[in-house]
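Since every read-out is calculated from the coordinates, none of them should be taken as a lab result. As the structure is a prediction and not an experimental result, all values here were calculated from the model. Don't worry about glycine lacking a Cβ; one is built from the backbone with ideal geometry, like all the others, and counts go over all protein chains shown.
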Amino acid sequence: MHPLLEKDHQQLIDLIDDLDKCVLKGNSINQATKYLDAFITLAEDEFKNEERIMEAYKYPEIIDHKKEHVRLLEQLRSLHSKLSKGHTPFGKDYMQRLRNWLEGHLLDADNRLEEFLYQINADSNKIEK
């Protein structure tokens, strides 16, 4: 994993694991909401960081990548709104979809970004020699 992305990605994975455990244990909606709040905040920060990197390096897939970020944040905010109103659409099925999205995003879109960043670095090393 590229060092510019590794820490944030691991934190997202750790938080989703914690949220998943919370749901599986049947903890309160308040507890699940706290984990969800932390996940949303971290995702927003991580996405902003990724987008700054993509802009700085003129990443050619930036528009589609940003759209994926927007879609996930909309889903997370919608879920948060439902939970805070007492609705409980949250369970194993939703956690599986969330985990699948995160893993898919990390393995697909973020992997392509990492490859791009490594290539930029490799190309700059060739120029310097």
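Taking a 20 Å limit on the Cα-Cα distance, which of the listed pairs Lys7/Lys48; Lys67/Lys92; Lys21/Lys85; Lys21/Lys66; Lys48/Lys85; Lys21/Lys92 fall beyond it? Violating the 20 Å limit, Cα to Cα: Lys67/Lys92; Lys21/Lys85; Lys21/Lys66; Lys48/Lys85.
Taking neighbour Cβ counts within 10 Å as the exposure measure, how do Thr41, Thr33 sort from fewest upward? Each step should come with its number before you reach the end.
Values: Thr41 11, Thr33 16.
Exposure proxy ranking, most exposed first: Thr41, Thr33.
Shown here are the Rg and Dmax of the Cα trace of segment 3-128, at 16.5, 59 Å.
For every helix of n ≥ 4 consecutive DSSP H residues, a contribution of -39,500 (n - 2.57) applies; sum these over the chain, divide by its total residues, and give [θ] at 222 nm rounded to the nearest 500 deg cm²/dmol.
So the helix-based figure for the chain works out to -29500 deg cm²/dmol.
Using the Cβ-Cβ distance between Asp37 and Gln119 with R0 set to 30 Å, the FRET efficiency from 1/(1 + (r/R0)^6) comes to roughly 0.25.
Shown for Phe116, Phe39: other C-beta atoms within 10 Å of each C-beta, ranked fewest to most, produce the order Phe116, Phe39.
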